[in-house]
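Asker: Take this structure, written in C-alpha cells, and hold onto it; I'll ask about it next.
Read-outs throughout are calculated quantities, based only on the coordinates presented, and are distinct from any laboratory measurement. The model shown is predicted, which means the values in this text are computed figures rather than measured ones. As a convention, Cβ positions derive from the backbone with ideal geometry for all residues, glycine included, and neighbour counts pool all protein chains shown.
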Amino acid sequence: MRLVKPWPDPYTVNPNGKYGNRKHPISGRVKKHRGLDVAYSGFIYAPADGEVVHKGAALNKRTGGGYTLIVKHAPDLYTVYYHLREPSELAVGAKVRTGEVLGHTGTTGASTGVHLHVETRSSRRWGTDFDPETVIDMSRSAADGATPVKSETPKLVEDGILGGKTWGAVQRMLQAEGHYKGRINGVPGKTTIKGLQQWLNGVV
C-alpha cells in the first residue's frame, strides 16, 4: 500500500529529520530517529483512508512525544504523528478518508520548534517503525484536492473587553509560533505574557 504525504507542498523533509541515526537536537546523543521531520506549521492530512486507533499525551519536554495520534491504514501499516499543537478533534474509532484533517502541527513534548513528525509502523506498537520514505509517494500530497478547512481562528467581536476568547486566540497564535508552551485556557498568566513579549521582540 502506498501513502501520499500528510503535509502540503512545497514543504520537504528536514536535512536532519530523516529516518535513522542522528544527533538528537535536545540530548546531543546519537539516537535513532524513528520518523520524518518537516518544518511546517499547519494542518496534517490523512495520507490514506484509515481509522484512528490511539490518541495520547506525553508532554515531558525532554522525553515526551507531546499530543499524539495513530491511524491504522492496513493490517500492517500505521502512521503516527507526534508533537501536535493540541489533541486531535478525532475520536478513537473515527474513520478517516484521504485528505481529511487529522490535527495541527505543534511543538508539544520533546520538541525544539513547530514541526510535523510522522512515523510509519507495521503495528501500533512502539519499535515496529520503518522508513516512511519506502511507502510515501513524495511527489503527491494529501492536501491536494482536500476539502478546504474553515479558519479555526475564533470570531472575535469588538466589544471593548479583552476577555477569554481574545486571550485564547492570542495563546493559539503564540503556540503556533513556538512561543507558548502552556494550556489554551484564555487566562493571561506569566507564560502567556512571556510568550507575547518574545513574539513582540521577534525572538525565534
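Asker: What pairs from K31/K72; K23/K55; K32/K72; K32/K165; K18/K190 go past 31 Å between their alpha carbons?
Answerer: K32/K165; K18/K190
Asker: Between segment 1-54 and segment 93-120, how many Å separate their Cα centres?
Answerer: Each part's Cα centre sits 9 Å from the other's.
Asker: In the set (1) 1.05; (2) 0.92; (3) 0.99, which value of Cα Rg over 2.2 N^0.38 Å was calculated from the structure you see?
Answerer: Checking each listed value against the structure points to (1).
Asker: I'd like to know which of M173, N201, S88 lies farthest towards the positive end of the charge dipole of the chain, counting +1 on Cβ of Lys and Arg and -1 on Cβ of Asp and Glu.
Answerer: N201
Asker: Separation between the A74 and T112 pseudo-spin-labels, each 7 Å from Cα along Cα→Cβ, expressed in nm?
Answerer: For the pair A74/T112, the computed spacing is 3.5 nm.
Asker: Place a label point 7 angstrom from the Cα of M138 along the Cα-to-Cβ direction, then list the residues of segment 90-126 whose backbone nitrogen is under 19 Å away.
Answerer: 116-121
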